[in-house]
Amino acid sequence: MSSLDLKWKVLFSVSVIVNFTCIVLVILHSETTHLSWTRKTATEAEKVASISCSGHGRAYLDGLVLREDGKPICECNACFTGPDCSLFKPSCAVDVDSGNPMFLEPFWKQNAGSSGVMVAGWHRMGYEFEDGSLISKQLESVIHKLHETVGNANTSNKYIVFGVGSTQLLNAAVYALSHHNSNSSPTKVVASAPYYPVYKSQTELLDSKKYKFSGDTSSWKNKTRSSRTNFIEFVTCPNNPDGHLNKAVLQGKFARHVYDLAYYWPHYTAIPSPMDEDLMLFTLSKLTGHAGSRFGWAIVKDKDVYERMVEYIDLNTYGIPRETQLRALKLLNVVLQGDRREIFRFAHTIMKTRWEKLAEMLSTSKRFSMEQLPSQHCAFSKQVRPTSPAFAWLKCEAEEDEECHNVLREANIIGRKGAVFGVENRYVRLSVVNSRDDFDLLLQRLQDLVSKHLSIVDAVMSL
């Protein structure tokens, strides 16, 4: 081989190596460029998640930015303050008026990687999905799978309607069912007291000629069979506020029912059997704790009712935000991962422990009482288990304590008065699903109140 041939072979080999290196660099550069926005987004999220709030608060990407370093400040739990939420305010009132399901926050922190959602700026910018619909078929399929797993509702041969929380679906259901009314008088909307106050307030707010809120179901119990008046009865199971597994009261061909099953999950109650009603409502907030995502769904048997509900949702908000549906899909997939029981074990353990502490603390009091709900066999857990409702329905037993809400307010406890639920103010609803800080403080304030009353009784008895 001549020296010239050798030179050309060397040049050719170098050329191949250089070209191959360039191709690899181009590919790597392309991948780096392609992933740059996700890396930047993930870095921002991790940076905020790393902010320490002493376990008594949290920082958010969309939080207020008042720090010199440009990071969001901590948003503290009630009764805590300071830059890192480490300062306790001893005279602060514990607010357990609202059922804010923050007790599930630790579960999602433990599952941060699998539950996180990274949304591109161009994600589903159009009004509809590719098939022209307003709902994610994948999410719809997961909801069917969820109910089959838990065994709390039969979804076979039924339609699914998405709503902005179950709140929007409540009136969508009333709108749809009232269209069956051929009478000139409006359909009467009723619920068994104590009832969830939104049934009344929302129906009255919309002030429709087709329907009106007509109070407690018991007032109409013996009038539906003989009367031609149309009724829509809200059946809440478990009931908000008292935790009872309510059943329909009104019967007959002029009575229609909306089953509000927001709390029919193993966190709060035994699941004796699947519900198989014509119209059932559920909400993400009570299942996963994501109240701010505003996502609910209805399970509907009748096609005409389904189409009327879809019509209402379309005209009211033209569907549910795509980002909300994407997040709901991600969260429900986490619920169904592994043995499909992790979140239910986690939630039930917390609720069971909280109710045991509440019951033990109030067992020594004659001034306050709570209804004792019976244990039942749960088909999901395959155990007989006590109920662990989202709310404590507290009653002031003393004759002078007619305004129980005020009695608690003087002890720095903010609850929701009974009149809001259609009953006397001797009752107060207290949330048991708030953060651990809120529950611990509620327990302490109640304990102080009970102990103070027992001391007074002992002093009187010793005279």
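Key figures for this structure:
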read-out: Protein-only accessible surface order, largest first, of Met275, Met125 at 1.4 Å; value: Met125, Met275
read-out: Counted charge near Ile232, where neighbours are those whose Cβ lies closer than 10 Å (Asp, Glu -1; Lys, Arg +1); value: +1
read-out: Globularity ratio of segment 342-462, using Cα Rg and 2.2 N^0.38 Å; value: 1.15
read-out: Coarse-grained scattering of segment 39-92 at q = 0.23 Å⁻¹, given as base-10 log I(q)/I(0) from a Debye sum over alpha-carbon atoms; value: -0.83
read-out: For segment 137-335: span of alpha carbons on each principal axis (Å, largest first); value: 49, 37, 30
read-out: Angle between the chain longest axis and helix 436-461 axis [Cα atoms, degrees, rounded to 10]; value: 20
read-out: Sulfur and carbon atoms: percent of accessible area, segment 238-284 [1.4 Å]; value: 45
read-out: Calculated mean projected area of the Cα convex hull in nm² (choose from [x] 20.8; [y] 24.3; [z] 33.8), label; value: [z]
read-out: Pairwise FRET efficiency - Arg341 versus Thr43, Cβ, R0 = 35 Å, nearest 0.05; value: 0.55
read-out: Helix 165-178 vs. the chain, principal-axis angle (Cα, 0 to 90°, nearest 10); value: 60
read-out: Probe 1.4 Å, accessible area per residue of the chain, Å²; value: 52
read-out: With all protein chains modelled, accessible area of Asp278 [1.4 Å, Å²]; value: 90
read-out: Computed lengthening from Glu360 to Ser227, 0.36 nm per intervening residue step minus Cα-Cα distance; value: 43.1 nm
read-out: Set Lys109/Lys366; Lys89/Lys200; Lys253/Lys395; Lys286/Lys452; Lys223/Lys303 screened for pairs whose C-alpha atoms are more than 31 Å apart; value: Lys109/Lys366; Lys89/Lys200; Lys253/Lys395; Lys286/Lys452
read-out: 0 to 90° range, to nearest 10: angle between helix 322-335 axis and the chain longest Cα axis; value: 80
read-out: Heavy-atom accessible area ranking, 1.4 Å probe, most first, across Arg340, Arg426, Arg385; value: Arg340, Arg426, Arg385
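The values are calculated or read from the model by the stated rules, or taken from the named source; none is laboratory data. Fair warning: this is a prediction, and the values are worked out from it, not measured in the lab. Ideal geometry is used to build each Cβ from the backbone, glycine not excepted, and the neighbour counts take in all protein chains shown. Note: accessible area is taken over every heavy atom of the protein model, side chains too, but ligands, DNA and RNA are not part of it. Shrake-Rupley method; radii C 1.70, N 1.55, O 1.52, S 1.80 Å.
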